[in-house]
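The values are calculated or read from the model by the stated rules, or taken from the named source; none is laboratory data. Given the structure is predicted, the values throughout are model-derived calculations rather than measurements. Heads up, the Cβs are rebuilt from the backbone with ideal geometry, glycines too, and the neighbour counts pull from every protein chain shown. The area values use the complete protein model at the heavy-atom level, side chains included, leaving out ligands, DNA and RNA. Shrake-Rupley method; radii C 1.70, N 1.55, O 1.52, S 1.80 Å.
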Amino acid sequence: MTPFGLFLENIRRSRQLQQKQLAADLGVQACYISSLEKGRKAPPSKKVLERLIAALDLNEEEQTLLWESVEQSELSFKLPGNMILAEYQLISRLKQQLGRLSQEQITIMLNVLALNTTSNKQTKTRRMNM
């Protein structure tokens with residue numbers, strides 16, 4: 001299951017809708033909704049997502065969660081052109097480990113990445129106070 005699939009299933013159930021009902025509202029097949037929820041298909045196009053927002057009457061917070069889950073569930077992405085060699089090496093090593101990482105390893109990596117965010121915020125604050 002993907003973050004988008006989990007979000008879709010949870011929001012559909014919270015609206016007490018069957019997959020068939022949601023599929024009819026979106027103009028798609030119920031098996032497509034099932035495939036999305038199980039993560040067998042990538043998140044749908046922006047057009048379908050906008051129909052989903054309308055069909056489920058998502059509020060602002062739910063829409064934010066929807067778009068975050070879509071981003072987290074993308075099966076492919078384009079690397080930025082300004083990466084340094086070490087970043088390419090990191091991405092390559094990470095790709096080799098995907099699907100085999102422990103929760104502890106993931107937590108450590110997220111904490112390391114959060115250090116950069118915290119450091120950037122502190123630098124900006126220092127510059128503003130000068």
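Here are a few things to note about the model shown:
- Scanning region 1-28 for residues that are among the polar types (S, T, N, Q) and touching a helix residue (DSSP H, G or I) at 6+ places or on another chain (Cβ under 6 Å) yields 2, 19.
- Subset tally (residues that are assigned to a loop (DSSP other than H, G, I, E, B), exposed (fewer than 10 other Cβ atoms within 10 Å of the Cβ) and of a type in the set (A, V, I, L, M)) for region 75-109: 4
- Those residues of region 52-66 which are open to solvent by less than 90 Å² (accessible area, probe 1.4 Å) and among the charged types (D, E, K, R), in sequence order: 62
- The number of residues in region 31-47 that are surrounded by 15 or more Cβ atoms within 10 Å (Cβ to Cβ) and not hydroxyl-bearing (Ser, Thr, Tyr) comes to 8.
- Boolean, residue 72 is open to solvent by 80 Å² or more (accessible area, probe 1.4 Å), out of contact with any Ser or Thr (no Cβ under 6 Å at 6 or more places or on another chain) and not basic (Lys, Arg): yes
- Residue in region 3-16 that is modelled with pLDDT under 95 and among the aliphatic types (A, V, I, L, M) present: no
- Residue 69 being hydroxyl-bearing (Ser, Thr, Tyr) and modelled with pLDDT under 95: no
- Matching helices (runs of 4 or more DSSP H) fully within region 13-63 where at least 1 residues are among the β-branched types (Val, Ile, Thr) and closer than 18 Å to residue 3 by Cβ: 30-38, 46-56
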